[in-house]
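One structure below.
Just so it is clear, none of the values below were taken in a lab; they were calculated from the coordinates. Everything quoted here is computed from the prediction, not taken from an experiment. Every residue, glycine among them, receives a Cβ derived from its backbone with ideal geometry; neighbour counts consider all protein chains shown.
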Amino acid sequence: MRLTKFSQVMTVSILGLFALSVQAQSTGVVAKVNGVAIPQSRLELMVKASVAQGQPDGPEMRKALRENLIAEEILAQEAMKKKLDKDPEVITQLEVSKQAVLVRAFQADYIKRNAVSDDILRKEYEMLKVQMGDKEYKARHILVDNESAARDIIANLKKGGNFAKIAAEKSIDDGSKENGGELNWSPPAAYVRPFSEALVKLSKGGMTEQPVQTSFGWHVIQLMDTRPMEVPPFEEVKQNIQQRVLQREFATVVQDLRGKAKVE
């Protein structure tokens with residue numbers, strides 16, 4: 001796992017674009033509750049959502065979902081009897097839910113209409129290979145919130161201080177401090193630029209002579225080891241690359257729409 005504080009992760013997963021995005025075309029009625037029909041399409045939508053989360057489709061799952069839909073219909077009817085649908089907060093929540101469904105529908109429609117060709121995916125793959133480089137680095141670091149503290153740590157380490165102990169005591173990186181400041185094997189591109197630039201200049205066992213400042217704070221970095229970078233084959237990462245490309249393209253669409261919108 002990458003670090004909690006010190007990492008670059010995608011904040012939006014393209015997998016979320018598929019959740020509840022496929023419109024069911026089934027007709028029929030699952031059940032009637034006090035004369036109100038629960039359409040088959042609603043059950044199919046729930047089945048698709050469950051399957052997308054890794055649950056196998058089958059009679060038992062469908063039976064459980066049917067019971068859930070019945071229970072929800074009963075409770076919704078009771079809420080209507082109490083006129084909770086007129087409550088201003090409930091009205092706002094319904095509007096927010098409707099908007100979220102429309103956003104997912106727009107995202108799903110975009111994905112459906114904008115398939116990414118293998119040619120584009122392979123170009124992206126080759127570009128990523130170049131960015132990742134041919135080496136992985138095993139490093140450890142101590143992250144603090146000011147330069148003075150980082151300099152004191154460097155001075156302490158030069159006098160024979162224990163790196164792992166200092167990391168556990170003083171590092172503000174919760175993702176690595178309990179492991180002596182150790183980071184996962186990673187290519188330089190996995191880190192923010194000032195960190196990666198300092199890392200690749202170190203020899204095995206070497207430590208930064210000066211604190212390295214990033215948006216996370218001030219780092220003291222030590223290179224533990226390097227090894228050749230093993231790039232997974234294209235077919236193995238094809239889906240991830242497709243998600244990356246779709247995320248980037250969809251972000252451009254959103255930005256373009258935002259620019260055209262009249263916001264007062």
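Please specify each residue of the stretch 75-89 satisfying the condition of being under 22 Å from Ile38 (Cα atoms) and not acidic (Asp, Glu). Residues satisfying the conditions are Leu75, Ala76, Gln77, Ala79, Met80, Lys81, Lys82, Lys83, Leu84. Among the criteria (1) over 28 Å from Thr252 (Cβ atoms); (2) among the aliphatic types (A, V, I, L, M); (3) surrounded by 13 or more Cβ atoms within 10 Å (Cβ to Cβ), the one Leu121 does not fulfil is (1). Within the set Gln107, Gln131, the sole residue that is in contact with a helix residue (DSSP H, G or I) (Cβ under 9 Å, 6 or more places away or on another chain), farther than 30 Å from Leu257 by Cα, among the polar types (S, T, N, Q) and assigned to a helix (DSSP H, G or I) turns out to be Gln131.
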